[in-house]
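Following: one structure in structure tokens, then a few remarks.
Laboratory data are not the source of any read-out in this text; all were calculated from the coordinates shown. Since this is a predicted model, take the numbers as computed values, not measurements. Cβ placement follows ideal geometry from the backbone for every residue including glycine, while neighbour counts extend to all protein chains displayed.
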Amino acid sequence: MEKTGKLIVIDGTDGSGKATQTKLLVERLQKDGQRVQTLSFPQYGQKSAALVEEYLAGRYGSAEQVGPQAASIFYAVDRFAARGQIKDWLNQGQWVVTDRFVSSNMGHQGGKIHDTEKRKEFFQWEDELEHGIFNLPRPDKIIFLHVAAAIGQQLTAQRDAIQDIHQQDLNHLKDAEAAYQQMAEILPNFERIECVQDGNLLPIEQIHERVFALVKPLIT
């Protein structure tokens, strides 16, 4: 069955406000009369996210010590667990807005690969793993919230008392930022929003209006 709903992914560098913008978009679409469901990945606290939680806690070593393919599989399994529910919602004609999705693997794990051609090959491998083998639906729109790595790390440090191995490692965050920038040139339906101006994070509502402007053309 071909999906009739819309799948929107809110992605972004650390500290960019993904959860906030996901919530605001869901509320805006509901006010517009759309039926909307939402999920956040990883699904912390669920069995499907157990390996992700262990990885982020550093129990398998540093982010660099765990290769991009191995770590990607941890996250992909968690999304696979939600595949049936996502497809059901889409087939019912509902909107699904997710806080992170496949592109998050490409960004954070792709950043571990510094050669751009090899990173591109990784993007293709990741795409085949999740959209091919695991048969996850492809997003209608990926909205990438960009905050420079150093600023994002400061913002997450203010917010989170305990930081995971990604958040603690500025080099990892910079590498992920570079991977996301490369993705913007390759992935279809990938839109970038600059969330910082003159070194300061833009107002939440202003970012939301930019997000909604990208989604509005999909409303029928």
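Data overview
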quantity	calculated
For residue 141, residues with placed amide H under 5 Å, excluding near neighbours	7, 9
Lysine pairs with alpha-carbon atoms under 18 Å apart, the chain, spacing 8 or more or separate chains	19
Leading residue at positive end of dipole, the chain (Cβ point charges), from 16, 137, 170	137
Distant-in-sequence amide H partners of residue 192 (H built 1.01 Å from N, under 5 Å)	144
Nitroxide proxy distance, nm - points 7 Å out along Cα→Cβ at residue 200 and residue 121	4.7 nm
Protection proxy ranking of 178-184, 212-218 - average other beta-carbon atoms within 10 Å, highest first	178-184, 212-218
Only Lys, Arg (+1) and Asp, Glu (-1) charged, at Cβ; region 1-108 dipole about Cα centre in debye	360 debye
Region 35-61 and region 169-208: distance between their alpha carbon centers, rounded to Å	22 Å
Total charge dipole magnitude, the chain, about the Cα centre, Cβ charges on Lys, Arg, Asp, Glu only, Debye to nearest 20	660 debye
Estimated [θ] at 222 nm from DSSP helical runs (n ≥ 4, -39500 (n - 2.57)) normalised by residues in the chain, nearest 500	-15000 deg cm²/dmol
Net length gained if the chain between residue 30 and residue 131 were fully extended (0.36 nm per residue, minus Cα distance)	33.6 nm
Cα lying deepest toward the dipole's positive end in the chain, options 188, 97, 72, charges on Cβ	97
